[in-house]
Amino acid sequence: MSVFKYTQNCQYGLARRPSRDLSRLAAQKMPMLLRQQEFSLGDVNKVFASEWLSDNQVIIGTKCNSLMVLDLSTNQTFQIPLLKSDDNEAASDRRCGGIHSIAVNPSRMLLATGGDDPSTVAVYKLPTFDPVCLGNKCHDDWIFSMEWLDDQFLVTGSRDNTMALWSVKEDMYRDIETRHNLLPEYRKTTALTKKQCNAGEKVRSLAYNDRTQEIAALSTNGYIHMWDAHRFTQKFTVPLPYCRENVCLTISNDLSVYAVGSQSHVSFLDSRSLKSVGSIYTKEEGSGVRSLSFNEEIATIGTGAGSLMFFDIRAARFLEFECCTGEIGRASCRERV
């Protein structure tokens, strides 16, 4: 199918999943069409986490422990109430940690994030944001990362250097929309299991490889740890090429590659062996790589200085495009977010 035919079908609501060639073309050309647009979030601190809910809505978690939905079409924000734990005294001590992770399950029916206490797991039903359950009495410090294994099982990684496995069964939310309670009700649940991440320091980020059924865990002391998802056991640990400020991790199942962001580099690792297959220098020394994602062969890199970079894995080069100023430059030099 041609690009013209596909976009025409989109307008009539007839678009099917694009072909692989069309997806690759879109991944290559899309960065060239991006233009910055700022939205005011009011009196909030740094945005720590975000996730697309739809074409026009983004959910945002902040350092000041706010959870809100931003509607891009109306420029309005909607606050989502945080789920409170029983231990209010301990929660008040950890509340300054903020919301570090937001994860939507594969069927896009459930959303997991931090609760009022950042060491707890709050699960909401989409798209209504009805509270489903609160996972507590597990981690002793902030939760840095969450990853769904499927529609039921969720893994969390914490600043206390532990990982936990949770289960959110369908009967917890099947009749949630038919309840007629004046105040929202939600269950309190505990983890199926919690384990220490050996040789780690703080579990900073998680990525799930659904082909090998393995969980990769990134720790702040410069190691990546491979876990068996079925047995929830640690298999082996590998040191990373760069050990400073390792805070983000993602995977491309199509390329069988993990990407790890550090202070000034992005390292690429074979997803089967965790051997390094290359790295790139971001040319923003000290700002730190804060976010990573893959779209086909294009790696999108976000830095602490507010830059966006797009790196073509197969061509081994940054994408270049004409900027708003009319100059030709790399996305890292011109595009600011």
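The values are calculated or read from the model by the stated rules, or taken from the named source; none is laboratory data. This one's a predicted model, so the numbers in the text were calculated from it and none came from an experiment. So basically every Cβ, Gly included, is an ideal-geometry build from the backbone, and we count neighbours across all protein chains shown. Accessible surface is based on the protein model in full, side chains and every heavy atom, while ligands, DNA and RNA are left aside. Shrake-Rupley method; radii C 1.70, N 1.55, O 1.52, S 1.80 Å.
Descriptive notes on the structure:
- When Thr233, Thr237, Thr190 are checked against the criterion of being closer than 20 Å to Trp142 by Cα and open to solvent by 30 Å² or more (accessible area, probe 1.4 Å), a single residue qualifies: Thr190.
- Meets criteria (open to solvent by less than 20 Å² (accessible area, probe 1.4 Å) and either closer than 20 Å to Cys96 by Cβ or aromatic (Phe, Trp, Tyr) (or both)) for Trp142: no
- Here is the figure for the range 39-68: residues that are open to solvent by 70 Å² or more (accessible area, probe 1.4 Å) and either over 21 Å from the mean Cα position of the chain (by Cα) or in contact (Cβ under 8 Å) with a residue 60 or more places away in the chain (or both) total 2.
- Verdict on Gly302 being at pLDDT below 90 and under 17 Å from Thr282 (Cβ atoms): no
- The range 181-194 residues that are at pLDDT 80 or above, paired with ones that are among the polar types (S, T, N, Q) and open to solvent by less than 80 Å² (accessible area, probe 1.4 Å) (beta carbon under 6 Å, 6 or more apart): Leu192/Ser167; Lys194/Thr162
- For beta carbons closer than 8 Å, sequence separation of 6+ or different chains, a first residue in the range 95-110 that is more than 13 Å from Ala207 (Cα to Cα) and free of Cβ contacts under 8 Å to residues at least 12 places away in the same chain and a second that is open to solvent by 10 Å² or more (accessible area, probe 1.4 Å) and in a loop (DSSP other than H, G, I, E, B), there are no qualifying pairs.
- Top-ranked residue of the range 240-253 - restricted to ones that are touching a residue at least 40 places away in the same chain (Cβ under 8 Å) and assigned to a loop (DSSP other than H, G, I, E, B), ranked as most open to solvent (accessible area, probe 1.4 Å): Glu245
- With respect to the conditions (1) touching a Cys at 6+ places or on another chain (Cβ under 6 Å); (2) farther than 30 Å from Gln37 by Cα, Leu292 lacks only one, and its number is (2).
- Per the listing Arg159, Arg204, the residue uniquely over 15 Å from Val132 (Cα atoms) and touching a helix residue (DSSP H, G or I) at 6+ places or on another chain (Cβ under 9 Å) is Arg159.
- As a summary of the residue check, Ser256 satisfies the conditions (1) hydroxyl-bearing (Ser, Thr, Tyr); (2) open to solvent by 40 Å² or more (accessible area, probe 1.4 Å); (3) under 24 Å from Met146 (Cβ atoms) except for the one numbered (2).
- Strands (runs of 3 or more DSSP E) fully within the range 99-213 counting 2 or more residues that are more than 16 Å from Trp227 (Cβ to Cβ): 102-104, 110-114, 121-125, 130-135, 187-189
- Failed item in (1) over 24 Å from Cys248 (Cβ atoms); (2) open to solvent by less than 20 Å² (accessible area, probe 1.4 Å), with Ala122 passing the rest: (1)
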